[in-house]
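The values are calculated or read from the model by the stated rules, or taken from the named source; none is laboratory data. None of these values were measured; they are calculated from a predicted model. Every residue, glycine as well, gets a Cβ built from its backbone with ideal geometry; the counts of neighbours run over all protein chains shown.
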Amino acid sequence: MNAPAKLPAGAAGSNQALDLALELDRKVHWLSAWTIHNANHLRESRDGLKVGGHQASSASLATIMSALYFSILTPEDRVAVKPHASPAFHALQYLFGRQSLDQIQRFRAFGGAQSYPSRTKDKDEVDFSTGSVGLGVAMTAFASIAQDYMLAHGGLAPEKAGRMISLLGDAELDEGNIYECVIEGAKHDLRNCWWIVDYNRQSLDATTSERMFLRFTEIFSAVGWDVVTLKYGRKLEAAFAQAGGDALQAWFDACPNDLYAALSFQGGGAWRARILADLPDDRALAGLLKLYDDEALADLMTNLAGHDLGLLLDAFRGVRDETPKFFIIYTIKGFGLPFQGHKDNHSGLMTTSQMETFQAAMGVPVGEEWARWAGLPRAGEDYEAFLRAAPFAGKAPPPTAAVIPVPDRAAFPAPRGRQSTQVAFGKILNDLARAGGPLADAIVTTSPDVTVSTNLGGWVNQRGLFSRDVRGDRFREASIASPQRWAMGPQGQHIELGIAENNLFLMLGALGLCGPLFGQRLIPVGTLYDPFINRGLDALNYACYQDARFLLVATPSGVTLAPEGGAHQSIHTPLIGMAQDKLSYFEPAFNDELTEIMRWAFDHMQAPGGGSVYLRLSTRAQDQPERSVDDAWTRDLIAGAYWQVPPEPGAALAVVYTGAVAPEAMEAFDQIREDIPGAGLLAVPSPDRLHAGWSAALRDGGAAHVSRLLAPLSSAAGLVSVIDGPPATLSWLGGVRGHRVAALGVDSFGQSGDVPALYRAHGLDVEAILDAAASILSPLRAD
Ligand SMILES: Cc1ncc(C[n+]2csc(CCOP(=O)(O)OP(=O)(O)O)c2C)c(N)n1
Ligand SMILES: [Mg+2]
């Protein structure tokens, strides 16, 4: 194993600020490596598992981060940090006094600094969570669009706008979501967005494909980005300018990724031997190499731009315009560490003896490993003063956004008459738009090319589409009849996306963070086709993970969308809705349920311990019940269920239903009551909330809503549950009080048909419910 390579040292002849930054950059390298070492080798382990952390990935990006945090970032800039450079991020925050020693000493421990930067779990201020590669990158572009929306709507003063910056690994560029995002960015005139690629040409498994930088340049230029490639450090540039330098540069540029990485690892004489073997007859080159001893040559050949702080500062300072910037910055993975360049270094950890060598090379006194300024050439006050003067030091804590009042029940009437929940949703938004007020003004809708078919048309007609520039509706101008007005402008309140559901969730994520990011809330409402939640599932999870708040309206759902057939029938989304943290899933059957759920959702999206809400709606028209709505009923509804027809004490059966199958459940129930007069009919508009309440009661004690609801039934009673979704959505009800359950639902898909045919085929019709009731009550049942 070779000795640690040189890290940037205080450069003689440069100005004092640069020297200070260079000295502190060494600390960032040191602390990130030490934090990981401490977690793996020094902290007590109770389970014997490897803790992990990425010393090589942190070392690769550390100097780029130092350049940004020490000098470039303004208080308004927001950054998504490459997930596995989290130790470098926390080291920087620690130097700035924004992170505690306790947190970094407990890196990856319960309650300590998180493995990957986390908005919600980390104690220092993380702007955007990262972890699932590619998503944090795209998030910055959508945050930029969200920022433009805020600017255009007066929610953010122009001087408070910043740049949205992603620091990404080069392997993140393999994620398809990046390209979906840049296409959307081009449509929305993306600006003030920087993506800075840590171009170490290594992924997790090995070194990566040759010369991709040419392709990246073409791709990003094509979508309107400025591509800035920073390859050589200044020492290399100086060497290339000397006699023999041209040949050295040509060799350098032609050197394959894996060879370059291997030589970086081998160091010492390996560089010289290889270059001379490749170019044996070039005397000028041989002369140039002679000027360097082996250590100096290794230092020279690994002098890439990403490890040259002064060069990075000049490049970042040189940016003067708003055009999105794509920086390709060459780096070496594990720079300065004994496994630099080794293809297997992604999860590599320095051994204790390697760490001792590294510590000595870094000049950190033994016993003072955590001390901020120990081993640095100047007094601590000098560094403190330098950091205090950095623009980033002026970053204020996340603002608290004012709560937007939600109209009361009287101002929020349920649409009347036979119709589907999808149509009713469109009417409710339309009514809100027409009535106006703070809630309507705060709502921003977005949809991936299904705006019209998810019934947002009325809303859009009134509130318009968002665009930074004004664009007329040509069809309207030409007096061509269309129910849709499609004019765009800065005041528009609908963001139309192309068909990429992943982008929808990232857009909702960004819009749903406007409160904490910019100090003023939006109420984002996104619509899509229910089956295509799967397409953007990781981005949905990512948006929830960082506690973005939004209303997701998915429609049409289930096999009830009968004639559309298999590809559009979503059968398992209820289980997604139940399993997803920070997302409450509702599937109302009637409009009075829908309006109360929406009123609650708009509050819940703003509540400190709240979350996002997912409405699984249907295109099936339903007759609406005539009933009055009061607070007690709404409480039950929001807790997940209410008795539509309460059972008599000791009843032997209840029919339980969710969503669009309400008519079948009700008709079957009417027939069942002729035989079992005391039976009950339980409406479950939110299996998710009902189950969550049950889990919470098991955990915290107390009676669960569901337990109270089921209490009147006989302990020997049967439950027949029915949903246009997986039977498991409701079958757990049997576990609450030990009732037997016959759970009806959909467990196969793919067949077109009409509703009667499909409900028959899947066992959701009246006959199936009656059969299930008969079977569960039969004394001949095997159990
Ligand atoms: C969506 C997703 N897939 C896989 C992983 C596992 N993973 C973590 S880092 C990584 C490769 C990172 O390479 P790169 O982005 O080049 O970062 P480097 O460490 O080289 O700087 C992978 C595959 C992940 N975090 N997210
Ligand atoms: Mg990489």
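List the pairs whose first member sits in the stretch 755-770 and is part of a helix (DSSP H, G or I) and modelled with pLDDT under 95, whose second member is of a type in the set (A, V, I, L, M, F, W, C) and surrounded by fewer than 19 Cβ atoms within 10 Å (Cβ to Cβ), and whose Cβ atoms are under 7 Å apart, counting only residues at least 6 apart or on separate chains?
Cβ pairs passing all conditions: none.
Which numbered condition trips up Gly136, out of (1) out of contact with any strand residue (DSSP E or B) (no Cβ under 8 Å at 6 or more places or on another chain); (2) closer than 26 Å to Arg549 by Cβ?
(1)
Go through the stretch 179-206 and report how many residues are within 12 Å of ligand 1 (Cβ to nearest atom) and under 20 Å from the mean Cα position of the chain (by Cα).
Selection size over the stretch 179-206: 2.
In the stretch 166-180, how many are away from ligand 2 (no atom under 16 Å from the Cβ) and in contact with a Leu (Cβ under 7 Å, 6 or more places away or on another chain)?
Summing the residues that are away from ligand 2 (no atom under 16 Å from the Cβ) and in contact with a Leu (Cβ under 7 Å, 6 or more places away or on another chain) in the stretch 166-180 gives 1.
Within the stretch 185-272, considering only helices (runs of 4 or more DSSP H) that don't extend past its boundaries, which have at least 1 residues that are within 16 Å of ligand 2 (Cβ to nearest atom)?
212-222, 257-266
Report the residue count in the stretch 100-142 for those that are touching a residue at least 60 places away in the same chain (Cβ under 8 Å), farther than 22 Å from Tyr179 by Cα and among the small types (Gly, Ala, Ser).
Adding up the residues that qualify gives 4.
Taking the stretch 273-284, which residues are surrounded by fewer than 16 Cβ atoms within 10 Å (Cβ to Cβ) and either small (Gly, Ala, Ser) or in a helix (DSSP H, G or I) (or both)?
Residues satisfying the conditions are Ala273, Leu276, Ala277, Asp278, Arg283, Ala284.
For (1) in contact (Cβ under 8 Å) with a residue 40 or more places away in the chain; (2) within 25 Å of Glu501 (Cβ to Cβ), each residue gets a yes or a no:
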residue	(1), (2)
Ser420	yes, yes
Arg434	no, no
Ile443	yes, yes
Gly458	no, yes
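Taking helices (runs of 4 or more DSSP H) that do not extend beyond the stretch 469-556, which have at least 1 residues that are buried (at least 24 other Cβ atoms within 10 Å of the Cβ)?
501-511, 514-518, 537-545
Checking Phe213 against (1) at pLDDT 95 or above; (2) within 16 Å of ligand 1 (Cβ to nearest atom); (3) within 19 Å of Asn257 (Cβ to Cβ), which test does it fail?
Here Phe213 clears every test but (1).
Quick one: which of Ser45, Ser71 is farther than 16 Å from Thr331 by Cβ and at pLDDT below 95?
The unique qualifying residue is Ser45.
Check off (1) at pLDDT 95 or above; (2) not in a strand (DSSP E or B) for Tyr585 and give me the number that stays unchecked.
Unmet for Tyr585, out of (1) at pLDDT 95 or above; (2) not in a strand (DSSP E or B): (2).
Considering only the stretch 289-382, give the helices (runs of 4 or more DSSP H) lying wholly within it that have at least 2 residues that are free of Cβ contacts under 8 Å to residues at least 40 places away in the same chain.
It comes to 294-301, 352-362.
Using beta carbons and a limit of 7 Å, which pairs, at least six apart or on different chains, have the first residue in the stretch 240-258 and at pLDDT below 95 and the second one surrounded by fewer than 16 Cβ atoms within 10 Å (Cβ to Cβ)?
Note: pairs meeting the criteria are Pro256/Glu210; Asn257/Glu210.
Mind checking which residues of the stretch 693-709 are without any contact (Cβ under 8 Å) to a residue 40 or more places away in the chain and either of a type in the set (A, V, I, L, M) or in contact with a strand residue (DSSP E or B) (Cβ under 9 Å, 6 or more places away or on another chain) (or both)?
Ala696, Ala697, Leu698, Ala703, Ala704
Anything in the stretch 437-455 that is at pLDDT 95 or above and either more than 27 Å from Glu180 (Cα to Cα) or not polar (S, T, N, Q) (or both)? List them, or say none.
The answer is Gly437, Pro438, Leu439, Ala440, Asp441, Ala442, Ile443, Val444, Pro448.
Would you point out the residue of the stretch 47-61, among those that are within 15 Å of ligand 2 (Cβ to nearest atom) and more than 23 Å from the chain's Cα centre (by Cα), that is farthest from Thr35 (Cα to Cα)?
Ser60
Please determine, by comparing only the residues of the stretch 223-234 that are more than 30 Å from the chain's Cα centre (by Cα) and surrounded by fewer than 19 Cβ atoms within 10 Å (Cβ to Cβ), which one is farthest from Leu311 (Cα to Cα).
Ranking the qualifying residues of the stretch 223-234, first place goes to Lys231.
Does any residue of the stretch 27-47 turn out to be touching a His at 6+ places or on another chain (Cβ under 6 Å) and within 16 Å of ligand 1 (Cβ to nearest atom)?
No.
Just checking, which of Phe70, Phe89 is among the aromatic types (Phe, Trp, Tyr), under 25 Å from the mean Cα position of the chain (by Cα) and part of a helix (DSSP H, G or I)?
None of the others qualify; the one that does is Phe89.
Take Ile145 and tell me if it is among the hydrophobic types (A, V, I, L, M, F, W, C) and either more than 30 Å from Gln105 (Cα to Cα) or not in a strand (DSSP E or B) (or both).
yes
Got a sec? Which of Gly155, Gly131, Gly136 is within 16 Å of ligand 1 (Cβ to nearest atom), in a loop (DSSP other than H, G, I, E, B) and among the small types (Gly, Ala, Ser)?
Within the list Gly155, Gly131, Gly136, the selection yields Gly131.
For the stretch 512-540, what are the residues that are more than 18 Å from Gln580 (Cβ to Cβ) and touching a Phe, Trp or Tyr at 6+ places or on another chain (Cβ under 7 Å)?
Ile523
Please specify each residue of the stretch 270-307 satisfying the condition of being of a type in the set (D, E, K, R) and under 15 Å from Gln249 (Cβ atoms).
Asp278, Asp282
Suppose the filter is in contact with a Gly (Cβ under 6 Å, 6 or more places away or on another chain), surrounded by fewer than 18 Cβ atoms within 10 Å (Cβ to Cβ) and modelled with pLDDT of 95 or more; does Asp321 pass it?
no
Which residue out of Phe96, Phe89, Phe110 is within 22 Å of Phe339 (Cα to Cα) and more than 16 Å from ligand 2 (Cβ to nearest atom)?
Only one candidate qualifies: Phe89.
Among the listed residues Ala152, Ala157, Ala161, which satisfies the condition of being of a type in the set (A, V, I, L, M), surrounded by fewer than 22 Cβ atoms within 10 Å (Cβ to Cβ) and free of Cβ contacts under 8 Å to residues at least 40 places away in the same chain?
The unique qualifying residue is Ala157.
Conditions tested, residue by residue: (1) of a type in the set (D, E, K, R); (2) under 16 Å from Tyr199 (Cα atoms).
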site: Ala222; (1), (2): no, no
site: Gln242; (1), (2): no, no
site: Ala250; (1), (2): no, no
site: Asp253; (1), (2): yes, yes
site: Asp282; (1), (2): yes, no
site: Glu295; (1), (2): yes, no
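In the stretch 67-88, is there at least one residue being surrounded by 24 or more Cβ atoms within 10 Å (Cβ to Cβ), more than 16 Å from ligand 1 (Cβ to nearest atom), touching a residue at least 60 places away in the same chain (Cβ under 8 Å) and of a type in the set (S, T, N, Q)?
no
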